[in-house]
Structures are given as structure tokens and as C-alpha cells.
Amino acid sequence: MKREYILDQTFERYTSKIVKRNGKGTAIVWFRNDLRVLDNEVLFKAWVDSESVLPVYCVDPRVFQASTRYFGFPKTGGLRGQFIIECLVDLKKNLMKRGLNLLIKHGKPEEIIPTLAKDFASHAVYAQKETCSEEVNVEKLVSKALRRVQLPHSTGRSTSQGSANSPTLQLVWGGTLYHLDDLPFSTNSIPDVYTQFRKSVEAKCSIRSCAKISMSLGPAPLHRGLGMSALSRVYEYFWKKDFLKIYKETRNGMLGPDYSTKFSPWLASGSLSPRFIYEEVKRYEKERLANDSTYWVLFELIWRDYFRFISVKYGNSIFHLGGPRNVERRWNQDQRLFDSWRNGCTGYPLIDANMKELSATGFMSNRGRQIVCSFLVRDMGIDWRMGAEWFETFLLDYDPCSNYGNWTYGAGVGNDPREDRYFSIPKQAQTYDPEGEYVAYWLPQLQKLPREKRNFPGKLYMEQIVPLKFGNPNGDRASAARKNSYGGRGRKTTKGYMS
């Protein structure tokens with residue numbers, strides 16, 4: 001009961017009793033990657049501009065039954081599929097609590113949405129604007145199909161919505177901490193270097209407040225359901241366990257539930273808004289304390305914004321082999337090497353443990369993602385897109401901007417000012433898993449070994465599939481003499497998965 005009370009208080013804090021609706025007719029809310037009620041600009045605008053709202057989610061076969069573009073992996077793996085189902089259950093319960101329901105339809109949005117618009121005489125369809133080509137193409141198809149729908153003249157359309165009596169698609173920006181319209185530069189002039197981007201927006205931009213919607217969105221509630229696991233996680237991490245104050249010190253961990261926020265899956269599905277997290281951080285700083293850790297959560301959210309805006313600037317090039325900078329480099333697609341990587345059988349415990357965790361849970365730490373990326377592209381020389389598409393299949397927190405942005409960054413074809421960034425496995429193991437607890441958890445055969453040997457088991461583990469470009473399993477940097485064109489200085493970095 002206490003948990004329910006806390007979550008109800010959270011919703012009350014971010015809702016308004018004075019907001020009024022001034023529209024007529026029925027508006028459709030097409031939920032996409034914004035599966036939330038709290039701080040949902042799309043839902044807010046649809047509610048204000050209508051007398052009634054029809055929430056809809058389309059289970060698009062191009063997302064849930066298709067394959068990745070180049071290498072044919074499942075586009076949505078079973079773990080992320082299950083996670084999205086759980087998010088939809090939460091969304092449905094939260095909508096029902098406020099007098100609405102969620103209609104879930106199987107099929108293509110451009111076929112489902114226009115049919116519903118005609119059946120319900122909806123004057124407008126509201127949806128979150130996306131930036132990558134596949135999602136943008138669906139928006140175009142939906143808009144085109146809506147123009148073929150003819151509505152009765154009493155649908156509540158205002159004169160400002162156009163003279164043609166067809167429903168319109170109203171796309172609303174969302175999913176970022178800073179709004180696209182508030183950036184101090186045009187999308188074509190977005191700085192390529194993250195630090196320049198961050199300093200500019202922090203100095204020149206304000207973060208908009210959460211969209212506070214009415215507590216009641218329709219008729220009397222039909223069902224009172226809790227279903228707020230995303231908000232529960234924020235409350236637990238920030239307020240109950242009080243881990244926000246040490247986030248910067250623990251964020252590079254790899255084992256356990258609380259070394260990082262673990263907000264990323266809900267941010268990717270849109271069950272959490274970055275503005276809500278921002279306002280909760282600011283409330284924490286006011287009521288408890290402000291330090292480097294509280295700022296660092298916002299720092300990571302700005303990374304998410306950066307990759308989203310970069311996708312606007314560079315379009316499909318983030319998916320191309322040469323990346324946004326069209327870098328020419330020799331890659332291989334050796335299936336034997338790639339299979340050893342994705343199956344966690346490389347002979348390097350730190351790589352194998354991370355890949356086992358990914359396949360078993362759909363999650364991997366921020367630190368782990370950078371290490372396995374570096375190994376695949378630097379030590380194996382494998383086409384980075386194979387790794388990116390494998391992550392696309394399995395990650396619970398997959399979104400195209402962050403995933404491909406980070407992979408192009410790690411592969412040296414993105415906007416990293418250093419093209420030769422390399423993660424030395426021995427150094428990473430000694431720094432982030434010195435007792436071998438992480439690798440022993442995911443590779444039980446190592447549990448019997450002395451702690452100092454778990455990451456460097458030699459012949460007590462499987463044969464190593466490739467030699468390292470820099471450093472050997474004993475942590476000696478002498479093998480750096482094997483330098484190739486990738487370079488490699490073992491420098492640490494971290495990027496904002498909010499994992």
C-alpha cells in the first residue's frame with residue numbers, strides 16, 4: 001500500500017487540476033516509443049484539442065516479425081518483445097485509471113490508423129515524431145492514407161486545421177531532454193563533437209517543464225491498476241535506496257541491480273520521459289543534496305539527446321558502413337569469429353560473460369557494451385554493423401539513435417574526435433572486475449578458480465579465438481608492438497545509455 005501511495009503522489013505531483021480542453025470531436029493518440037501517461041506531450045495535446053481520446057498501439061509486423069537490414073537477425077528479439085508487452089500492460093492500466101483504455105491492434109499503422117479514424121470520425125491523429133528512416137517512412141505512409149479518408153463535416157475540425165475534410169497527422173516532438181525547437185543551432189549545424197554540443201545546450205538552452213495533464217482523461221475510471229514499474233524504479237533508486245548521490249562512483253559497475261539507474265529500457269520504450277527524470281533530480285538536489293553524481297545522470301541524458309539530434313543531422317548515414325563521416329576502412333565478416341563473439345565463446349572471460357548476460361537478460365552495462373564493441377571491431381576487425389544489429393535484436397533498451405550512434409562512435413566511423421579508441425581487456429578486467437565476481441557469475445566454470453585467475457584463466461578456460469591487438473592476458477602492455485592501423489591507447493570513456 002505504501003508503494004501505491006508513493007506512486008499516486010508522483011502522478012499527482014505531475015498532473016494539473018486547472019488545464020482545460022478546448023477542442024471538439026475525437027482525437028486518436030497513436031502510441032509509438034512513448035508508452036507513458038506522465039509527461040506525454042502527444043497525449044496532452046490530443047486531450048486538449050478534443051472532446052474524447054482514442055489511444056492506439058499497432059503491433060507492426062515490420063518491427064516484430066522482420067529481420068535486420070544487412071545480416072538478417074530478428075529485428076525484435078523475444079526478450080525485448082516481452083518487455084514491450086509489459087510496458088503496454090502498464091500503459092493500459094494507467095490509462096484505465098484515468099478513464100481511457102488502450103486499443104492494441106496487430107498490423108501496419110498505415111492500414112489500421114486510417115480505418116479507425118474513419119470509424120470514429122477522428123479529426124486528427126497525434127503521434128510522437130521520430131527521426132530515423134524506417135519510422136519516418138511509416139509516418140509518411142500514415143499521413144498519405146489519412147488524406148484518402150473522407151469525414152462527415154461535424155467532426156470538430158477547426159478552420160485552422162485545413163479545408164479538406166480528412167484527418168490530419170499531428171507529429172509532436174518528444175523523447176529528449178532539450179526540445180528540438182530550443183536548440184541554439186539549426187539541425188544542419190549541430191556540433192559533431194559531444195562536448196561542444198553539451199556545453200552549448202547547457203549554456204544557452206532551458207529544459208521545458210513536464211506536460212502536466214488532467215488526472216481524469218475520460219469518463220469515470222473502469223479499473224484501478226498500479227502498473228507503474230518505470231516510476232517505481234525511479235522512486236526506488238532516487239528516494240528509497242538513495243543511490244542517486246553515489247551514481248557517478250558506481251555507474252561503471254557490471255554486477256547487481258543498483259550500480260546504475262537501469263532506467264534505459266523505460267526511456268527507450270517511452271515509459272519514462274527524460275524531463276521527468278530531470279525534474280526528479282532537481283527535486284532530489286533541493287530536498288537532499290546536489291553533487292557530481294546528481295549532475296552525471298543529467299550528463300548521460302544529454303548523451304541520449306546528442307545521438308537523437310545527430311540522427312536528424314546525418315540521416316541514414318548512421319547505419320552505413322562508413323558512418324556519418326564516410327570513413328573508408330577494411331572490415332571482415334568472418335562468421336566463425338562473429339559467432340564466437342555473439343555466443344560468448346571467445347576465450348576472453350570478460351567478453352564472454354557480457355555476451356552471455358545480453359543473451360540471457362537483454363541487458364548489458366554501459367561499460368560492458370564499450371568493451372565488447374572494442375573487441376569486435378578492434379581485435380577481431382569485424383564489420384561493426386554486425387554487432388550493432390545483434391544488439392538491435394537483443395537489447396531491451398534498443399533505440400536506433402543511441403544504438404547506432406554508440407556503435408559508429410566505438411567503431412571510429414562516428415563523431416568521436418579520437419578514431420583509435422581502444423579498450424584493453426586486461427586493464428578493463430583489473431579495473432572493473434578485479435575479483436572476477438562478474439565473470440564467475442555468468443561463467444560458472446570459473447567459480448572454482450582463484451579470484452585472481454578468473455579473468456586470466458589461461459588453459460583452464462577455452463582457447464582464445466584471436467590475439468589481442470594491445471596488451472596480453474597478464475595485463476602486460478608489451479604486446480602493443482602488434483599495433484595496426486586501429487591504434488590503441490586504452491583510454492577510458494563512457495557514453496549515455498543510462499544503463
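Quick notes on this structure:
- Filter result (of a type in the set (A, V, I, L, M) and assigned to a loop (DSSP other than H, G, I, E, B)) within the range 53-77: Ala66
- Residues that are among the hydrophobic types (A, V, I, L, M, F, W, C) and more than 19 Å from Ile465 (Cβ to Cβ), drawn from the range 346-366: Ala360, Phe363, Met364
- Criterion (surrounded by fewer than 21 Cβ atoms within 10 Å (Cβ to Cβ) and either modelled with pLDDT under 95 or polar (S, T, N, Q) (or both)) met by exactly one of Lys459, Lys448, Lys427, Lys469: Lys459
- Selected residue [hydrophobic (A, V, I, L, M, F, W, C), part of a helix (DSSP H, G or I) and surrounded by fewer than 21 Cβ atoms within 10 Å (Cβ to Cβ)] from Ala203, Ala230, Ala268: Ala203
- Meets criteria (out of contact with any Lys or Arg (no Cβ under 9 Å at 6 or more places or on another chain), assigned to a helix (DSSP H, G or I) and buried (at least 21 other Cβ atoms within 10 Å of the Cβ)) for Arg275: no
- Cross-chain or 6+ apart pairs with Cβ under 7 Å, the range 264-286 first and under 14 Å from Thr10 (Cα atoms) and modelled with pLDDT of 95 or more, then of a type in the set (Gly, Ala, Ser) and part of a helix (DSSP H, G or I): Leu272/Ala230
- Among (1) buried (at least 21 other Cβ atoms within 10 Å of the Cβ); (2) modelled with pLDDT under 95 - the single one Ala440 does not satisfy: (2)
- For Ser359: the one exception among (1) surrounded by 22 or more Cβ atoms within 10 Å (Cβ to Cβ); (2) of a type in the set (Ser, Thr, Tyr); (3) assigned to a helix (DSSP H, G or I): (1)
- Count of residues meeting criterion [of a type in the set (Lys, Arg) and closer than 19 Å to Val172 by Cβ] in the range 38-66: 1
- Comparison of Asn40, Asn22 shows that the only residue that is loosely packed, with under 14 Cβ neighbours inside 10 Å, out of contact with any strand residue (DSSP E or B) (no Cβ under 7 Å at 6 or more places or on another chain) and not charged (D, E, K, R) is Asn22.
- Condition broken by Leu151, with the remaining ones in (1) free of Cβ contacts under 8 Å to residues at least 24 places away in the same chain; (2) of a type in the set (A, V, I, L, M, F, W, C); (3) not in a helix (DSSP H, G or I) satisfied: (1)
- Among the criteria (1) free of Cβ contacts under 8 Å to residues at least 60 places away in the same chain; (2) outside any loop (DSSP other than H, G, I, E, B), the one Lys20 does not fulfil is (2).
- Residue in the range 83-103 that is within 30 Å of Asp383 (Cβ to Cβ), at pLDDT 95 or above and in contact with a Phe, Trp or Tyr (Cβ under 7 Å, 6 or more places away or on another chain) present: no
- Checking the range 121-143 against the condition returns a match, with at least one residue being in a loop (DSSP other than H, G, I, E, B), surrounded by fewer than 17 Cβ atoms within 10 Å (Cβ to Cβ) and in contact with a Ser or Thr (Cβ under 9 Å, 6 or more places away or on another chain).
- Applying the condition of being within 23 Å of the chain's Cα centre (by Cα) and outside any helix (DSSP H, G or I) to the range 79-120 and asking which residue is farthest from Val138 (Cα to Cα) yields Leu102.
- Counted residues, the range 23-42 - those being of a type outside the set (Val, Ile, Thr), closer than 22 Å to Gly107 by Cβ and not in a loop (DSSP other than H, G, I, E, B): 3
- When the range 252-262 is filtered for residues that are in contact with a Phe, Trp or Tyr (Cβ under 8 Å, 6 or more places away or on another chain) and not β-branched (Val, Ile, Thr), the ones remaining, listed by number, are Asn252, Gly253, Met254, Leu255, Asp258, Ser260, Lys262.
This table checks each residue for (1) closer than 30 Å to Leu468 by Cα; (2) of a type in the set (S, T, N, Q); (3) modelled with pLDDT of 95 or more; (4) not in a helix (DSSP H, G or I).
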{"residue": "Trp296", "(1), (2), (3), (4)": "no, no, yes, no"}
{"residue": "Tyr306", "(1), (2), (3), (4)": "no, no, yes, no"}
{"residue": "Ser311", "(1), (2), (3), (4)": "no, yes, yes, no"}
{"residue": "Val327", "(1), (2), (3), (4)": "yes, no, no, yes"}
{"residue": "Leu337", "(1), (2), (3), (4)": "yes, no, yes, no"}
{"residue": "Ser340", "(1), (2), (3), (4)": "yes, yes, yes, no"}
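- Evaluated against (1) farther than 25 Å from Glu86 by Cβ; (2) surrounded by 14 or more Cβ atoms within 10 Å (Cβ to Cβ); (3) modelled with pLDDT under 95, Arg208 falls short on exactly one condition, (3).
- Residue that is surrounded by the most Cβ atoms within 10 Å (Cβ to Cβ), among those in the range 56-88 that are aliphatic (A, V, I, L, M) and in contact with a strand residue (DSSP E or B) (Cβ under 7 Å, 6 or more places away or on another chain): Val56
- Residues of the range 444-470 classified as farther than 22 Å from Met380 by Cα and in a loop (DSSP other than H, G, I, E, B), total: 5
The values are calculated or read from the model by the stated rules, or taken from the named source; none is laboratory data. Keep in mind that this is a model prediction, so the values were computed, not measured. Ideal geometry is used to build each Cβ from the backbone, glycine not excepted, and the neighbour counts take in all protein chains shown.
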